[in-house]
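Shown next, in C-alpha cells, is the structure this report addresses.
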Amino acid sequence: MDPLTVIYLVVGFVLLWKGGDLLVDGADAFARSHGVPPTLAGVFILGFGTSMPELAVTALAALDGEAGIAVGNVVGSNIANVALVLGTAALLGVVHVNRFLLKVEMPVGILASILGFVLVMDGTVDSTDGLILLGAFAVYMGFALGTVRHRDIDEGEPPPKRAWFDLGKAALALAAVLGGAELFKTGAINTAEALGVDKVVIGSTLVALATSLPELATAIAAARVHKTDLVLGNIIGSNIFNLLLVLGTAGVLVDQAVDKQVPTVLMPLMLGLAILPFVIALVLKRTIGRYAGLLMLLIYIGFIAYQTTVALGL
C-alpha cells in the first residue's frame, strides 16, 4: 500500500477520533450547564455530535460521486453502533433502559430504519429521497425539543457555565472532524482501489468503524460511570441522525446509485439490529445485559467476516 495512503488513514483516523471526542465533551458540558435532561443530551446533542464524522465523510464522498463510501458508511455505522458499541457497553455493565427511551426513542429509531430501508430498496438515494429524509429529520428535531419537559432531569451538580469556551471547543473539534474526514475518505478510496475491493465493503467496514469511534468512546466512558441512559440515548440518537440527516444530505447533494448488497444485505441487518435491543428491553424488563451484549458482538464479528469474504471474492 502507498505510504501516503497509510498517512491519510492514520492522521484522518486520529482527527476523527479526537475531534469527535472534543465535540462530544463540549456539547455535553454545554448541555449539562444549561439544565438539558440527560436523555435529551444523549439522543439529541450527543447523537448529533457523534454523528458529525459520518456526516462529514458521507457528504464529502457524495460530492465526489463515491456512493459506495457514502451509503456504506451510513448503514455500516448504524450496524456498528448497535452490534459493536451497544454490545461492548452491555458487556461492561447492564444497560438500563428508561421508559421514555423504550416507549418513544427506540420505536422512532425503528421507524427511521424502516424509512431508510424503503427508500433504498430501488437501488438509489436521489434528491427526492433526500428531501423526505431531511423532512423527517426536521419533524424529529421538533419532537425532541418539544418533549423536554417529559424527560428526566440530571440532579447532579452541573458544571459552571462556560458557553464561549464550550462553543469554541466544539468549533475546533468540528474543524478537526472535517479535516480528518477528508483525509480518511481519501485513504479509504485509495485502499479500495489498490486492493480491488468494492467501495461499499470499505465504506461499511473500515470507514464505518472509524466514524463510529466517538460513539464507542462515549459508550465506554458512560458505562464506566453507570450513565446508561446516555449510552443508549447516544446510540439511538446517532442512528436516527445518520439515517435522516446524513443519508438525507447525501441524497440532496448528489443522486446516489447504491450497490445491490445495500438493500439486500446491509439494510435488512441494520433494521434487524434496530429492532433487537427494543425486543430485548421489552422481554428483560428494560435492561440489556451481558448475554445480549455478547450476542450483539458475535453478530458484528459475523458481519465483518461476511464482508471479508465479499472483499476477497470467496
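The values are calculated or read from the model by the stated rules, or taken from the named source; none is laboratory data. Keep in mind that what you see is a predicted model, and the values were worked out from it rather than measured. Virtual Cβ from ideal backbone geometry, glycine too; neighbours counted across all protein chains shown.
Of the set (1) part of a helix (DSSP H, G or I); (2) modelled with pLDDT of 75 or more, all apply to Ala170 but (2). Check whether at least one residue in region 49-62 is over 30 Å from Ala257 (Cβ atoms) and either surrounded by fewer than 24 Cβ atoms within 10 Å (Cβ to Cβ) or at pLDDT below 90 (or both), and report yes or no. Yes, that holds for at least one residue. Report yes if Leu295 is within 26 Å of Leu119 (Cβ to Cβ), under 21 Å from the mean Cα position of the chain (by Cα) and not polar (S, T, N, Q), otherwise no. For Leu295, the condition - within 26 Å of Leu119 (Cβ to Cβ), under 21 Å from the mean Cα position of the chain (by Cα) and not polar (S, T, N, Q) - is not met.
Listed by first and then second residue, the pairs linking a residue in region 267-279 that is under 13 Å from Met106 (Cα atoms) and modelled with pLDDT under 95 to a residue that is among the acidic types (Asp, Glu) and buried (at least 16 other Cβ atoms within 10 Å of the Cβ), with Cβ atoms under 7 Å apart and 6 or more places separating them unless they lie on different chains, form an empty list.
Figure legend. Inter-residue proximity from region 84-111: first residues surrounded by fewer than 19 Cβ atoms within 10 Å (Cβ to Cβ), second residues at pLDDT 90 or above and aromatic (Phe, Trp, Tyr), beta-carbon distance below 8 Å, spacing 6+ or different chains. Indicated pairs: Leu102/Phe278; Pro107/Phe278; Ile110/Phe278.
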